[in-house]
Amino acid sequence: MVASNGAVHYSRRIILAVGSGIFEVNKLPLEEAPLYENTSLFYAAGDPQRFSDKQVVISGGGNGALDWAAELAPHCKRLTVIYRGDQFVHALEHNVERLHTYQVDVKMSSEIVALSGTKGQLSSVTVCSSASGCSETVAADAVIVNHGFQFSLGGLDDWGMTIDNSGICVDQSMQTSVNGIYAIGNAASYPQKLYLIAAGFVEGPIAVNSVKHDLEPEAPAQAMVSTHHSFFNDK
């Protein structure tokens, strides 16, 4: 196995405990979006003061988006929240109620379909309603996008292992679809998986025991209870 720094590691078996990988924000899927990123198109709100007296559009309908809206509303000249759903089903009721205490223009069943501006500075966005099919132009000095996250396993994607939306698929021995490579913790995916820290404490010993039996077939298929080990006889 070759690391990113060029170091070479030799091993007959590998156990992956890499968590859920690298989380990346879901960016606005528009060709022109990169032209405005970090100047007037953002994926985090940051300091509310930088949006003072500006016309701001927030795209998203989860708790993060509504939190940002409530924080920015007192500072913005105008605030518009655009959400593709017809109701805020992924947000806490408290956050929805908090949003409605401010003068915020909320456009449901809608999404941003185009950005307009010059030299990295937005001037407006085009919003399309899936309910009516109509489009409108909304003035915007800044757009903040909160469309959730996706995870990436980086170079592990090229190892040939079967990967689903939850992680690296493993069998009951915690082995992946590639012989000799195992995965545990949040990296591992299997039916009825519970994403709890406690589950990792179980999966680790299963993987280690499986590797032991794989390398030494004559070894017991299941390890004995540790307190029964002869090592403790002299203690």
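Can you list the residues, at least 5 places off or on another chain, whose amide H is less than 5 Å from the amide H of Arg78, using H built in the peptide plane?
Amide H to amide H, under 5 Å and 5 or more residues apart or across chains, Arg78 pairs with Lys54, Gln55, Val56.
Rank by packing, highest mean first: peptides 91-98, 73-80, with packing defined as the count of other Cβ atoms within 10 Å averaged across residues.
Result, highest mean Cβ count within 10 Å first: 73-80, 91-98.
What aspartates and glutamates sit close enough to Lys54 to cross-link, taking a C-alpha to C-alpha distance under 15 Å and skipping anything fewer than 8 places away on the same chain?
Glu71, Asp105, Asp141
In a shell of Cβ-Cβ distance under 13 Å around Glu37, excluding Glu37 itself, what net charge do Lys and Arg (+1) and Asp and Glu (-1) give?
-1
Treating the angle as unsigned and between 0 and 90°, give the value, to the nearest 10°, between the Cα long axis of helix 197-215 and the longest Cα principal axis of the chain.
Helix 197-215 sits at roughly 40 degrees to that axis.
Give me the net charge of Cys169's neighbourhood, meaning all other residues with Cβ under 14 Å from the Cβ of Cys169; Lys, Arg count +1, Asp, Glu -1.
Residues close to Cys169 contribute a combined charge of -3.
Residues with amide H under 5 Å of Leu16's amide H, sequence separation 5 or more or different chain, H placed in the peptide plane at 1.01 Å from N; which?
Here the answer is Tyr182, Ala183, Ile184, since their amide H atoms fall under 5 Å of that of Leu16.
In degrees between 0 and 90, to the nearest 10, how far off the longest principal axis of the chain does helix 63-72 point, with axes built from Cα atoms?
Tilt of helix 63-72: around 40 degrees.
Tell me, what HN-Hα J-couplings in whole Hz come from the Karplus equation 6.51 cos²θ - 1.76 cosθ + 1.60 at θ = phi - 60° for each residue of region 94-108, using x for Gly and Pro?
4, 5, 5, 5, 5, 4, 6, 7, 10, 7, 10, 7, 9, 10, 8
Please report the net charge: other residues with Cβ closer than 13 Å to the Cβ of Asp141, K and R +1, D and E -1.
Around Asp141, the surrounding residues sum to +3.
For the chain, what Kirkwood radius comes out of the mean inverse Cα-Cα distance, in Å?
In the chain this quantity evaluates to 21.6 Å.
Values quoted throughout were computed directly from the atomic coordinates according to the rules given, and no laboratory measurement underlies them. Here the structure is a predicted model, which is why all the values come from computation and not from measurement. Reconstructed Cβ throughout: ideal geometry from the backbone, glycine too, with neighbour counts over all protein chains shown.
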